[in-house]
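Below is one structure, written out as structure tokens; comments come after it.
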Amino acid sequence: MRQSPRRFSGFKKWTPILLKFVSTQGIVQILAFVTGLAIVGAMDKESYAHYTVIVALLAAMTALSESGLSSVLLSMGGRFRNDRLRMSSLFVGGLRFRRKLGVAVGVLGNLVLLLALIQTGSSLVASLLFALLATLTFIPILSKGVYQVHLRLVQDVKTLQRVALASATVRFALVMPLVMLRHADVFVLLVIGLVTAILEAALLKRKSNREIDYSAPVLQADVRRFSKSLKQTMPMNFPFVLQGQLLYLFLGLVGGAFVLADIAALSRFGLVFAVLNAVLTDIGAGLLARSGAAGSGVLRLYAKVLGAYSLCAVFLVAVVAIFADFLVHVLGPQYAGLELPLIVVAVGSASINIGNALVTLNHSRGWLKWSWIFLPMTALWCLSGLFWFDLGNVFEAALFMASQAVPLLVTQFICLLSGSRLEFTRRAADT
């Protein structure tokens, strides 16, 4: 069957863009991967457990402060793409809304962080210092997220790549000498994280300022839309973020710092999914959000994006399984004998990332109904960790980590079914 000129033209247009994007992201993730492995090998397990808790809490605070904001900015921004004043109002409102939400999230997050650090053996003074550095890093991250959404909306992939590459290069250049000199500790690594977060936010804002006037007045209608989205997404987002923190909290309290460090070190290989996630977030979500198709048209695009992502995820798991012995050896002698847990963690990481891909795609179309189902399912998952898994055993801890994908996948497939039904209803109404 002959390919239509229009389809061939679209393939011809996007192939070089995707290849260039993936190649640049590949360099970024290689730098991040090498840096991460160097950190794992340079730190003792207790210190690495503390570092893992801080990074995980910072990621959780970032996710909670986002809470559906990106989906609103993408879906509404697509309609006002050619209206600079309206776009400015939308993104200024989004930035202010996220900062206000970030204050509440930051207070709660720091309390949890202090508790988690102390429970895993950190002193009170060190815990307070680490919490301060995490807070300072969180401030530019709040702004950076809004700037990124704008650049994704306008498909400015080149700037997103350049900033990501600059950040990864700076972090690599600062961390590697410290690792070689055996001076890589939690405090220094957090300072480096703060420097790279400030750099990213400054570079992204400089580019976003060319189209968005961040001093523009805000329409109250936009603020109400953000609030409505927060009410819709928080029932799913909060337990989703809490789920990750409970994993590390349970491992730290029940399994101890060593088991926590083992699972965190094995999870380092999950960084390979970052390239896929970057393509999905920076390109795929924007395409789906801007798509004017309805009914079967939007579902076909959805299926293509998700199918390609899932095939790549399966391939990456296969690679980890084949080279498990070598990868464990790379981590260092303190992680010897963890080949089977590594494969389990890889399967879990793939499943979680596919679930996150569903979240990204569903949010880009505003398919948020039934997301509350995630809350009771997460509660069941927590109970499984308390009663069905021996978290003092590394293999069972890996199984517990992998099982956290189940509530996410089930919830997002239900949201997908609900959203697709809505698309067909809209199409029928339009015709």
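The values are calculated or read from the model by the stated rules, or taken from the named source; none is laboratory data. Quantities reported herein were computed from a predicted structural model and do not represent experimental measurements. Cβ sites come from the backbone with ideal geometry, for glycine too, and all protein chains shown count toward neighbours. Remember, those area values only see protein heavy atoms, side chains included, never the ligands or the DNA or RNA. Shrake-Rupley method; radii C 1.70, N 1.55, O 1.52, S 1.80 Å.
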Practice task
Scan region 315-333 and report the pairs whose first residue is of a type in the set (A, V, I, L, M) and whose second residue is loosely packed, with under 13 Cβ neighbours inside 10 Å, with Cβ atoms within less than 7 Å and a gap of 6+ or a chain change.
Solution key: VAL328/ALA336
Practice task
Return a yes/no flag: does region 144-159 have any residue that is over 19 Å from THR62 (Cβ atoms), in a helix (DSSP H, G or I) and charged (D, E, K, R).
Solution key: yes
Fill in the blank from the handout: Of the listed residues (LEU129, LEU133, LEU117), the one being in contact with a helix residue (DSSP H, G or I) (Cβ under 6 Å, 6 or more places away or on another chain) and closer than 24 Å to GLU200 by Cβ is LEU133
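Outside any helix (DSSP H, G or I) and within 15 Å of LEU160 (Cβ to Cβ): is that true of GLU200 in this structure?
no
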Completion exercise
Checked LEU101, LEU132 against criteria (under 23 Å from LEU199 (Cα atoms), touching a residue at least 40 places away in the same chain (Cβ under 8 Å) and open to solvent by 10 Å² or more (accessible area, probe 1.4 Å)); the one match is LEU101
Exercise for the section: Return yes or no: is LEU111 in contact (Cβ under 8 Å) with a residue 40 or more places away in the chain and either touching a Ser or Thr at 6+ places or on another chain (Cβ under 7 Å) or farther than 22 Å from ASP44 by Cβ (or both)? Expected result: no
Exercise for the section: For residues that are among the polar types (S, T, N, Q) and part of a loop (DSSP other than H, G, I, E, B), scanning just region 364-421, find the one that is nearest to GLU66 (Cα to Cα). Expected result: GLN404
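Going through LEU266, LEU316, LEU280 one at a time, which residue ends up being within 21 Å of GLN404 (Cβ to Cβ), at pLDDT below 80 and buried (at least 19 other Cβ atoms within 10 Å of the Cβ)?
Result: LEU280 is the single residue among LEU266, LEU316, LEU280 that is within 21 Å of GLN404 (Cβ to Cβ), at pLDDT below 80 and buried (at least 19 other Cβ atoms within 10 Å of the Cβ).
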Exercise for the section: Could you tell me whether region 7-21 includes any residue that is open to solvent by less than 20 Å² (accessible area, probe 1.4 Å) and at pLDDT 80 or above? Expected result: no
Problem - From the options VAL175, VAL170, VAL154, VAL195, residue that is farther than 25 Å from LEU74 by Cα, among the hydrophobic types (A, V, I, L, M, F, W, C) and touching a residue at least 60 places away in the same chain (Cβ under 8 Å) - result: VAL175
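For ASN82, are the conditions met, namely being out of contact with any His (no Cβ under 7 Å at 6 or more places or on another chain), surrounded by 20 or more Cβ atoms within 10 Å (Cβ to Cβ) and without any contact (Cβ under 8 Å) to a residue 40 or more places away in the chain?
In short, no.
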Exercise for the section: Please indicate, with yes or no, whether at least one residue in region 230-245 is surrounded by fewer than 16 Cβ atoms within 10 Å (Cβ to Cβ), of a type outside the set (Asp, Glu) and either at pLDDT 65 or above or farther than 18 Å from LEU57 by Cβ (or both). Expected result: yes
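With LEU31, LEU37, LEU74, LEU58 as the choices, which residue is more than 26 Å from LEU174 (Cβ to Cβ), modelled with pLDDT of 75 or more, of a type in the set (A, V, I, L, M, F, W, C) and buried (at least 17 other Cβ atoms within 10 Å of the Cβ)?
One residue alone meets the criteria, LEU74.
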Completion exercise
The one condition LYS228 fails out of (1) over 26 Å from LEU151 (Cβ atoms); (2) out of contact with any His (no Cβ under 9 Å at 6 or more places or on another chain); (3) part of a helix (DSSP H, G or I) is (1)
Exercise for the section: Can you give me the number of residues within region 141-158 that are open to solvent by 20 Å² or more (accessible area, probe 1.4 Å) and touching a helix residue (DSSP H, G or I) at 6+ places or on another chain (Cβ under 8 Å)? Expected result: 6
Practice task
Go through the residues of region 330-340 one by one and say whether even a single one is open to solvent by less than 60 Å² (accessible area, probe 1.4 Å), among the small types (Gly, Ala, Ser) and part of a helix (DSSP H, G or I).
Solution key: no
Handout entry: Filter result (among the aromatic types (Phe, Trp, Tyr), over 25 Å from GLY77 (Cα atoms) and open to solvent by 20 Å² or more (accessible area, probe 1.4 Å)) within region 365-424
Key = TRP372, PHE387, TRP388, PHE389, PHE395, PHE413
Problem - Test result for LEU361, in contact with a Phe, Trp or Tyr (Cβ under 7 Å, 6 or more places away or on another chain), modelled with pLDDT under 85 and in a loop (DSSP other than H, G, I, E, B) - result: no
Practice task
Quick one: in region 130-156, of everything that is hydrophobic (A, V, I, L, M, F, W, C) and under 16 Å from the mean Cα position of the chain (by Cα), which residue is modelled with the lowest pLDDT?
Solution key: VAL149
Practice task
Would you tally the residues in region 85-98 being open to solvent by less than 10 Å² (accessible area, probe 1.4 Å), over 26 Å from the mean Cα position of the chain (by Cα) and closer than 16 Å to ARG210 by Cβ?
Solution key: 0
